[in-house]
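Comments concern the structure below.
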Amino acid sequence: MDKPSRLKRELHPMRDFIRESLATKRLTAAYDARPPYQRNDYIGWITRAKLPETQQKRLDQMLEELAKGDVYMKMAYRRRN
(Lines give C-alpha, C1' and ligand atoms only; values in the text may rest on other atoms or scores of the structure.)
Protein backbone atom coordinates (compact mmCIF):
# COMPACT_ATOMS: atom_id res chain seq x y z
CA MET A 1 0.00 0.00 0.00
CA ASP A 2 1.38 3.41 -0.99
CA LYS A 3 2.01 6.04 1.64
CA PRO A 4 -0.09 9.20 1.31
CA SER A 5 1.76 11.84 -0.64
CA ARG A 6 3.02 14.98 1.05
CA LEU A 7 3.36 16.79 -2.28
CA LYS A 8 2.03 20.32 -2.34
CA ARG A 9 2.09 20.47 -6.12
CA GLU A 10 -0.74 19.43 -8.40
CA LEU A 11 -0.69 15.65 -8.75
CA HIS A 12 -0.54 14.42 -12.34
CA PRO A 13 -2.15 11.08 -13.23
CA MET A 14 -0.03 8.49 -15.00
CA ARG A 15 -1.03 8.27 -18.65
CA ASP A 16 -1.26 4.90 -20.37
CA PHE A 17 1.38 5.71 -23.00
CA ILE A 18 3.90 6.51 -20.26
CA ARG A 19 3.07 3.37 -18.28
CA GLU A 20 3.40 1.25 -21.43
CA SER A 21 6.76 2.82 -22.32
CA LEU A 22 8.10 2.17 -18.82
CA ALA A 23 6.98 -1.47 -19.03
CA THR A 24 8.38 -1.95 -22.54
CA LYS A 25 11.78 -0.56 -21.51
CA ARG A 26 11.62 -2.48 -18.20
CA LEU A 27 12.05 0.74 -16.26
CA THR A 28 8.94 0.58 -14.08
CA ALA A 29 10.98 -0.40 -11.00
CA ALA A 30 13.47 2.43 -11.63
CA TYR A 31 10.56 4.86 -11.95
CA ASP A 32 8.88 3.54 -8.78
CA ALA A 33 12.16 3.90 -6.86
CA ARG A 34 12.27 7.64 -7.51
CA PRO A 35 10.81 10.03 -4.91
CA PRO A 36 7.16 11.04 -5.42
CA TYR A 37 8.05 14.60 -6.42
CA GLN A 38 10.29 13.34 -9.24
CA ARG A 39 7.67 10.95 -10.56
CA ASN A 40 5.05 13.70 -10.47
CA ASP A 41 7.38 16.24 -12.10
CA TYR A 42 8.20 13.86 -14.94
CA ILE A 43 4.53 13.11 -15.64
CA GLY A 44 3.49 16.76 -15.53
CA TRP A 45 6.40 17.84 -17.69
CA ILE A 46 5.67 15.20 -20.33
CA THR A 47 1.91 15.72 -20.44
CA ARG A 48 2.06 19.53 -20.51
CA ALA A 49 3.72 19.41 -23.93
CA LYS A 50 1.23 20.38 -26.61
CA LEU A 51 2.77 18.56 -29.55
CA PRO A 52 3.02 14.76 -29.63
CA GLU A 53 6.61 15.09 -30.87
CA THR A 54 7.52 17.12 -27.80
CA GLN A 55 5.79 14.65 -25.50
CA GLN A 56 7.80 11.84 -27.10
CA LYS A 57 11.06 13.78 -26.78
CA ARG A 58 10.39 14.37 -23.08
CA LEU A 59 9.35 10.77 -22.54
CA ASP A 60 12.56 9.60 -24.20
CA GLN A 61 14.60 11.86 -21.92
CA MET A 62 12.86 10.47 -18.83
CA LEU A 63 13.48 6.89 -19.98
CA GLU A 64 17.16 7.60 -20.66
CA GLU A 65 17.59 9.23 -17.27
CA LEU A 66 15.90 6.32 -15.49
CA ALA A 67 18.11 3.86 -17.36
CA LYS A 68 21.24 5.76 -16.32
CA GLY A 69 19.99 6.05 -12.76
CA ASP A 70 22.05 9.06 -11.77
CA VAL A 71 20.26 11.84 -13.65
CA TYR A 72 17.05 13.76 -13.00
CA MET A 73 15.95 16.48 -15.43
CA LYS A 74 19.51 16.73 -16.77
CA MET A 75 20.88 17.23 -13.24
CA ALA A 76 22.99 14.87 -11.19
CA TYR A 77 20.88 12.68 -8.91
CA ARG A 78 22.02 10.49 -6.04
CA ARG A 79 19.53 8.10 -4.55
CA ARG A 80 19.23 8.28 -0.80
CA ASN A 81 19.73 5.05 1.07
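The values are calculated or read from the model by the stated rules, or taken from the named source; none is laboratory data. Since we're looking at a predicted model, the values are computed, not measured. FYI the Cβ positions are ideal-geometry reconstructions off the backbone, even for glycines, and counts take in every protein chain you see.
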The stretch 32-53, residues that are among the hydrophobic types (A, V, I, L, M, F, W, C) and surrounded by 15 or more Cβ atoms within 10 Å (Cβ to Cβ) | 43, 45, 46
Reported set for the stretch 20-47 where residues are within 20 Å of residue 75 (Cβ to Cβ) and out of contact with any Lys or Arg (no Cβ under 9 Å at 6 or more places or on another chain) is 27, 30, 38, 39
Would you be able to say whether some residue in the stretch 59-79 is in a helix (DSSP H, G or I), under 10 Å from the mean Cα position of the chain (by Cα) and aromatic (Phe, Trp, Tyr)?
-> no
Which of the helices (runs of 4 or more DSSP H) contained wholly in the stretch 5-54 include at least 2 residues that are at pLDDT below 95?
-> 36-48
Tabulated pairs, the stretch 38-56, first over 15 Å from residue 66 (Cα atoms), second part of a helix (DSSP H, G or I) and polar (S, T, N, Q), C-beta under 6 angstrom, 6+ apart or interchain = 49/55
